[in-house]
1. Show me the ranking of peptides 191-203, 63-75, 113-125 by mean Cβ neighbours inside 10 Å, starting with the highest.
2. Would you mind calculating the gained length between Lys295 and Met74 on full extension (0.36 nm times residue separation, minus the Cα-Cα distance), in nm to one decimal?
3. Once fully extended, how much extra length lies between Trp231 and Thr269, figured as 0.36 nm per residue of separation less the alpha-carbon to alpha-carbon distance?
4. If I model a spin label at Ala32 and Leu60 as a point 7 Å from the Cα along the Cα→Cβ vector, what separation in nanometres do I get?
5. Kindly provide the pair-distance distribution of segment 300-339 built from C-alpha pairs, with 10 Å bins from 0 and whole-percent values in order of increasing distance.
6. For the pair Lys362 and Val105, how long in nm is the line joining their label points, each one 7 Å along Cα→Cβ?
7. Along the charge dipole of segment 3-113, pointing to its positive end and built from +1/-1 on Cβ of Lys, Arg, Asp and Glu, which listed residue (Leu46, Thr77, Leu96) has its Cα farthest out?
8. Cα centroids of segment 100-118 and segment 272-288: how far apart, whole angstrom?
Amino acid sequence: MTEKLDMTTPDMVNQNIERIAALFPHCVTETAEGKAIDFDLLRQELSRDIVEGPKERYRLEWPGKREAIVTANMPTTNTLRPVREDSVNFDTTENLYIEGDNLEVLKLLQESYLGRVKMIYIDPPYNTGNDFVYNDKFAKDSYISEVESGLKDEEGNKLVANDPFQPNPASAARYHSDWLTMMYPRLKLARNLLTDDGVIFISIDDNEVHNLRKMCDEVFGEINFVGNVVWEKMYTTKNDSALMSECHEYILVYSKNLNLKPIQLLPRTAEMDARYSNPDNDPRGDWKAIPLYAKGERKNGRYPVISPTTGKTHFPGPDSHWLYAETDTLRMISENRISFGKDGNSLPNIKRFLTEVQQGRKS
């Protein structure tokens, strides 16, 4: 079977955009029609003076964002249908397993579970170039999708040789935008389900972690960012990555209201407690020595510190200073909160008592 010839002439506009992108990659953006040049940024790059343009603001924008907001707020007419014949203890179990479009399911859950979910974990498409990122408004068959993507003409003739259709290829004009439009309403609906102190965990990799972080900052609030967990997904010397080994992925963690989420500490380990001892039989218990000095210069931070047992005088080292004002250091010495070692001649250290540290660990 012979391959159909490409009957189109070169797209000079796209070629020019790619040439500009090679020089000024940040001047290329995504629009509803595909890749385009941000001429305000380009003009600024070619001018030594500030070029007047649209008012700058810090926010994440993409073609389809307004559509995503409408999609999140649009009611659904779907319903959940129980499948009793495939269920176990349907009337008494407290578990639910739901199959269906996750956007529609999230909307259906709003009525019964609004503000009642303590924790959500999602593993969305990573947008690697092979993921299926679909249109929330309607489903397209492969013919319509291939025509709209420019892979075939309206008669079904292949326009791009040896370029099989992929659901969301990395070369697509709205590669990131389509993914953001898909994710945004789902995150908004998921947030509605969380309790005030609830948390959400979202798996992602390098392809979209930057966009996901910005989008979650907007949906959940930057102040409610808990952390970015980096975990090793493989441990092997063999890796097919072209440039750098990609052995890790991420889990972004956000809280609905971080101020209402108490920290649940893990028990301290024996190794952590072993760092504390009580060589001078202090009635306050085990302690650990912390240097009384720090690097750098600070006003009123250089003065003599005298050992009360031997009379030896100490000064902080070169380019260093004592941590406290002289009056505070003298008070701590009188309270036996400063150690000068077993012989009384060592550099002074603060006695940090085990009872004063956080009785637990965060990880």
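1. Result, highest mean Cβ count within 10 Å first: 191-203, 63-75, 113-125.
2. Taking Lys295 through Met74 to full extension adds about 73.7 nm, to one decimal.
3. 11.5 nm
4. That separation, rounded to one decimal, is 2.2 nm.
5. 30, 59, 11
6. For the pair Lys362/Val105, the computed spacing is 3.3 nm.
7. Of the options given, the answer is Leu46.
8. Each part reduced to its Cα centre gives a spacing of 52 Å.
Taken together, the values in this text are just the output of simple stated rules run on the coordinates, not laboratory data. Quick caveat: nothing in here was measured; it's all calculated off a predicted structure. Don't worry about glycine lacking a Cβ; one is built from the backbone with ideal geometry, like all the others, and counts go over all protein chains shown.
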